[in-house]
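Q: Quick one: the structure is below, and I'll ask about it shortly.
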Amino acid sequence: MAICVAIIGKDNSPKYFACSNPDDEINLQYKVLSSLDVIEEKLNTANKVTDFRELFLGTLYSLESHKIYGYVTNTKIKFIIVVDSTNTALRDNEIRSMFRKIHSIYADNICNPFHIPGEPITSKSFHDKATSIMFGTV
Amino acid sequence: MNGANEEESSAPGIQDRRPIITCAGEVELFSCIEDRLSVALPQEVCEWRRSLGRPARSVHISATFTPYNQAALPRINQWDLIRQPLFHIFWTECNDVDQYKTTIRDEIEVWLKELIAKDIPDWLIVVVENFDGKRANKLLPRTTVLDKIRTEFATKQGDRCISVLNPGREESRNADSWRGLVARIRHLLLTSYGRAVSKLEDYVRQQRERRNEPGWNFMGYFKLQEELAQVLEMLGLYDEALVQYDELDALFSQFVVNGQSGDATGSGWLSEFQRSLERWHALKLGPCALPTEPAPSLLELRAYLYSKQAHMLLLTNKVWEVASRCLPFLHACSRELLLLEISAPPGAVACWLFLASLEVLHTCNRHNQADQVEAYSLHTACLWAYASQKLRSLGDLCGLMPGRTPTSDQLHAVVYLSAGMGDCPGKPESPSPTDILKQALRSQTSFNKTYLELAELAMCTYKHIGRLRSARLVGREVASFYVLLGEVQKAAAFLTDALRTFEQDNWRDLAAQSQVELAECYRKAGDTRKYVRACAAIAAASEIDNLIRWSYFDEMQNSLLGLDRTLIVPFKNILRIESVRIVGGAASKSSATAIEVMQDSQVEIELIVESNFPREIVCAKAMIAVEADAKDAATAQKRGRRSSSVITGKDVRQQDALLQRLRIQRHLDYKENKQLSSASVVCRNAPLKRADSNVSPVYHSEFNDFLDTGKTPFVITPGMNVVRLSGRAERVGKFYLGQVAIHINLMELISVSLTPRLCYEVLREEPSVRLDKGEAALLSDIEQIMTLSVTIGSYAIETKGEKIKVLLKSSSGLSICGDVVNGGEFGNSLEITIEETRPYSTTVASIRVLAEVPSKDHQVTIICPWSSKSLPVTLSFAPPLKISWRLHTVKHRKYVQITVVGQCDRDLSIGDSSLTVSDNKVVPFHSSVGAQVLPNGMSVSFTYEILVRAQKESIPLKAEFRLRYAMGGSGHDDDDDDDEKGSVEECREYSYPFELSNYQTLYHIRAKVEPTKGSEFCRVGTVCHLHVSVSAAAHSFHGGSSLMYEVLAEPSVWAVCGRTAGVISFESDSDAETVVLDVMPLNSGFLPLPLVRLSKYIPADFGNTDYGKNELLHPRLEPFSAGQIYNGSKGEQVHVINTNSEPFSTGAPTLLT
């Protein structure tokens, strides 16, 4: 299971943030924020070369305790998953499929006519789905 | 060649992986060329072809030489050939065939047998030749020793025998043969070495397959594969050597992971690594050896592996990769320590990690090249940060953090840690990482210094590579350190930077968190102003717990009392303008964008503000800045104004690009030949452009002009509040609403300038004067009434106690009078007093005007006291009647016809017409009728005969026609009571003077068309005669006068044959002159006669003395005036019949008069 799932908007502001341990949220936010540096770097340097269909950015950076993975949609919405670095069960492929699931529920959510693009996501059903992806129960 | 080799060989414990070559035969001969050979071998590359389809590589090979020893030969099928003698050379100097046959041959035979017995195919026989001068001149011997050897030992492998000129002698031709020898040895050596390597590879592979078998030991395998790596390294294939080390690395990691997950079959050796940690000597890059006794700890093994990898990377010039691999390596180490549950004294691992990262950083710095700074800074930045974190955790552990004193236990810990680090003294100018750490742990000051230095480096490097957010996070840590140090100002600086970044990215939680930290800093620093500011921000932050918000809100209010001067705080999240509305005012007529407000009236603004304060707060006042529109309208237009008096929250907020309608346009590309090349759609308004960061500083504009709430304090409650602001519009012009400011004690909360700009226009209406006529056009000679209306504008006029007087002046011929009722005197000027002077009041005055008859255009000049300019009003008067006259003539009798046309809108009644012509008698044709009604546009004619005496000269006659007229019809107008007073006006006399001149009849004309002789009728297309006879009137005969006649025939009716004009002279006789002209009718029927025109003919030589020369050359014509010629046959017609048909009427041509 992952310990945090975050969705960052085009303007780098957080749109959704969920983590397994709410007490740790602020610390994780700092980590996720700093990973935006790496995402920006990757987007700026790799834009010309890489395949546009590949949205998964791989490990953004790893800390002693955590590993941070990134995924960027074509509209520059960033998905970030933080994994405990002792967790060896989650390999790139598992992370990739988690991102795909998040992408799909995100797309479903913004299709909602009552959702204002660019606003933080507050939908409860989205939260339920996202946490179940995070805990790996889907 | 590879200097590393020498280094390695010199370093203890490093295996020499050079292939061993044995020498047999004349060993003393070899000993003199051994040195040259071992130097020459690695000097050039040699291509190494390998099995398994791997690409051929160019390698350098060197060798070690040993004397041949049969016992040392490797056994058959031995795998570790690398460490055994690989290649065997037999040296001989024998040039004499006989000597060869006796001794050398046997020696070779024995040597070769031994080799073959061991199944060794790698050998070479070298025959060294010594040339001397004598032999060179001789014929070559039939068979040389070399040939002999070749035939006897190497019939199939000719390359196994080679001769070489003694290289001991410095001769140029020796060089070629020497080079040949070296190349041969290189090639053969590599072949055999390659075989040995592939054997080793096979063995390694075989061993790896057995890794899960019990009894397999990683360390044994490690040494085996490392040997392979060393071989590759020796050959200069560093990248492949790195692969070997990487494989080892990965294998080990996998073992650890598997071991942790319980899948530990056959890895009993792993438990050897689970011993508790006793040494944490610094990682050392560069030549090093794996400690063997006692067995290496996990950290030592890892460090050794990493240093080997780093060594390979440095040899391939990938400094940045050393740095990039470092952090994952350190993470892996610390994770493996956990996984394997290796117990270590507290801080030991942190020490080791710190030392390792610092060592890598130092190494990178040493090897860094200018062009790689960018690439490697990318990785060193996190390393610096990591090192600083580790140091901090050590400082925490050892009680070295500021504000704490180390306990004795902690001092012991320091000693213990230092001991475990071992000794690794660096040079004084570049201390080793161990030195640095020991120094840092020695005292608090040195710890502080080292920590801040590292953190600073981390921040700088992060900023350098553009990772601002990461730099800010390090900054936060530094800030917390500074707080501990008590240097809150420095801490505040770092926190402010962090806060700005968080706000830029709109991470509210983090911003709020930083704000709280910042507030604490300011509180400690005693900076009330900034403290208030931070408190306000916290109090309004919805992300924070309510209790905290309340306490900071109270703090803010308390601290506000301590302020000595105004504190300006931007709205930001504290207050939000929901909407702004200009109350009242009319929509502007001139432009739809502004609200119009009259000068001196109240402008009222309704402001809806959302407060995020957790409680009610009393505000002293609220103001909104008003900016006069100084710029021209065009630029204001660009800024986007609202076309209404309201801006709502939607407008105030930044437009969301996502919600904008995309303006998609068609886009067609044409080729040069106008053919369509491509069709596409283009979005012009580029919505994906990033909006400017919304944290642009808020400038405090000058509240020179403003609208405010007045003096009374009011309360802003959490949530929506309606605030009414008002002010008097004093100045005229266009005004924009600017910033909003709300005062709470001495705190002034200001908003950003409102965009889109809301504007209102203050107008002033000037007093106006109008002079209006009635419905109908103005007529001269009739008294009419006009109205003067004076409207006071939007402001009262300064009168200085006097009454306002409007002066009217009329041009001459027009008289005006102000008194309508009593009919006062007419005059040329008039003064009207305005009683009502309130704004917007209108005074209407009627004035009478009267224009004299012949005059038409008049002007009334209005002079107002409030304007320096006078106002001219042009009035146009038309006469009520229009009269024209005409002179008619019958022979010598004269008649005047006078036509009167009514021009007045209303009917006129006319009567009492009379004509007087000098002293001549006038006979009216009409009986004297009474009054007649003359409606507009109708005409009435009067005809009079003037009895003139026939005279030689016609004296001009002065005539005057008089008519009496009155407004309104005689009878039927009486019913219309609402008609003006003109209906009962008295009759006026209208006189029309004119002059008659040249009225006497001078000539009579008669014309007649007759058929030619013999014809009865005039026929179409046949020539007829036009008889024109001109006779002078008896009384007016002028002797010797000449006349010009012209026949003006209608060309479609008459064709004039021959001449059409001629001159007739009247001599003394006054008889009629007759001219006959030929004319031809072109149509049948009754045709009007051709017209004959007479003119005075003045010959060319007439009056030659009086006129200019030009006029003498040409005769002139002068027309007669009407009345001088009487045409007796005017209006006559002639009957023309068709050529061949019978005439319709048989009668003579009828003359119709």
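The values are calculated or read from the model by the stated rules, or taken from the named source; none is laboratory data. This one's a predicted model, so the numbers in the text were calculated from it and none came from an experiment. Because the Cβ atoms are built from the backbone with ideal geometry, glycine has one as well, and the counts that use them run over all protein chains shown.
Q: So which residues in the range B:325-347 are within 11 Å of chain A (Cβ to nearest Cβ) and either of a type in the set (Ser, Thr, Tyr) or more than 25 Å from B:Ser388 (Cβ to Cβ) (or both)?
A: Passing the criteria: B:Ser334, B:Leu339.
Q: Can you tell me which residue is nearest to the other protein chains (Cβ to nearest Cβ) among those in the range B:388-431 that are part of a helix (DSSP H, G or I) and small (Gly, Ala, Ser)?
A: Checking each candidate, the answer is B:Ser393.
Q: Checking the structure you have, find out if any residue of the range B:735-757 is surrounded by fewer than 15 Cβ atoms within 10 Å (Cβ to Cβ) and modelled with pLDDT of 85 or more.
A: Scanning the range B:735-757, I find no residue that is surrounded by fewer than 15 Cβ atoms within 10 Å (Cβ to Cβ) and modelled with pLDDT of 85 or more, so the answer is no.
Q: Here's a follow-up. State all residues of the range B:9-19 that are modelled with pLDDT of 50 or more and either of a type in the set (Gly, Ala, Ser) or surrounded by fewer than 19 Cβ atoms within 10 Å (Cβ to Cβ) (or both); if no residue qualifies, say none.
A: B:Gln15, B:Asp16
Q: Being under 11 Å from the mean Cα position of the chain (by Cα) and within 14 Å of another protein chain (Cβ to nearest Cβ) is the filter here, so list the residues in the range A:91-128 that pass it.
A: none
Q: Condition (residue is in contact with a helix residue (DSSP H, G or I) (Cβ under 6 Å, 6 or more places away or on another chain) and either of a type outside the set (Asp, Glu) or closer than 26 Å to B:Met786 by Cβ (or both)) applied to the range B:939-951: is it met by at least one residue?
A: For the range B:939-951, residues in contact with a helix residue (DSSP H, G or I) (Cβ under 6 Å, 6 or more places away or on another chain) and either of a type outside the set (Asp, Glu) or closer than 26 Å to B:Met786 by Cβ (or both): present.
Q: Turning to a different aspect of this structure: For the range B:713-819, please list each of the strands (runs of 3 or more DSSP E) lying entirely inside it that holds at least 3 residues being of a type in the set (Lys, Arg).
A: Correct list: empty, since no element meets the threshold.
Q: While we're here: Among the numbered criteria (1) in a loop (DSSP other than H, G, I, E, B); (2) over 60 Å from the mean Cα position of the chain (by Cα); (3) away from chain A (no Cβ under 14 Å); (4) touching a residue at least 12 places away in the same chain (Cβ under 8 Å), which single criterion is violated by B:Pro291?
A: Only one criterion in (1) in a loop (DSSP other than H, G, I, E, B); (2) over 60 Å from the mean Cα position of the chain (by Cα); (3) away from chain A (no Cβ under 14 Å); (4) touching a residue at least 12 places away in the same chain (Cβ under 8 Å) is unmet by B:Pro291, namely (4).
Q: Given the conditions (1) surrounded by fewer than 24 Cβ atoms within 10 Å (Cβ to Cβ); (2) within 14 Å of another protein chain (Cβ to nearest Cβ), report the number of the one that B:Met459 does not fulfil.
A: Condition (1) is where B:Met459 drops out.
Q: Mind checking which residues of the range B:387-406 are surrounded by fewer than 24 Cβ atoms within 10 Å (Cβ to Cβ) and closer than 28 Å to B:Cys288 by Cα?
A: Residue satisfying the conditions is B:Gln389 alone.
Q: Which of (1) under 60 Å from the mean Cα position of the chain (by Cα); (2) not in a strand (DSSP E or B) is the odd one out, the single condition B:Ala40 does not satisfy?
A: So B:Ala40 meets the others, but not (1).
Q: Any idea which of B:Ala375, B:Ala356, B:Ala385, B:Ala350 is more than 23 Å from B:Arg302 (Cβ to Cβ), among the hydrophobic types (A, V, I, L, M, F, W, C) and within 14 Å of chain A (Cβ to nearest Cβ)?
A: Values: B:Ala356 fails: more than 23 Å from B:Arg302 (Cβ to Cβ); B:Ala385 fails: more than 23 Å from B:Arg302 (Cβ to Cβ); B:Ala350 fails: more than 23 Å from B:Arg302 (Cβ to Cβ).
Answer to the check: B:Ala375.
Q: What pairs come out if I take residues in the range A:16-27 that are closer than 19 Å to A:Phe79 by Cβ and within 10 Å of another protein chain (Cβ to nearest Cβ) and pair them with residues that are part of a strand (DSSP E or B) and β-branched (Val, Ile, Thr) whose C-beta lies under 8 Å away, six or more apart or interchain?
A: A:Phe17/A:Val5; A:Phe17/A:Ile7
Q: Here's something else I'd like to know. Let me confirm something: among A:Thr88, A:Thr59, which residue is of a type in the set (Ser, Thr, Tyr), at the interface with chain B (Cβ under 10 Å from one of its Cβ atoms) and assigned to a loop (DSSP other than H, G, I, E, B)?
A: A:Thr88
Q: Based on what the data block shows, is A:Leu33 more than 10 Å from chain B (Cβ to nearest Cβ), in a helix (DSSP H, G or I) and modelled with pLDDT of 90 or more? Break it down stepwise before answering.
A: Values: more than 10 Å from chain B (Cβ to nearest Cβ): no; in a helix (DSSP H, G or I): yes; modelled with pLDDT of 90 or more: yes.
In short, no.
Q: To continue, here is another question. Do we find that A:Glu40 is under 18 Å from A:Ala6 (Cβ atoms), out of contact with any Phe, Trp or Tyr (no Cβ under 9 Å at 6 or more places or on another chain) and either within 14 Å of another protein chain (Cβ to nearest Cβ) or not basic (Lys, Arg) (or both) in this structure?
A: Yes, satisfied.
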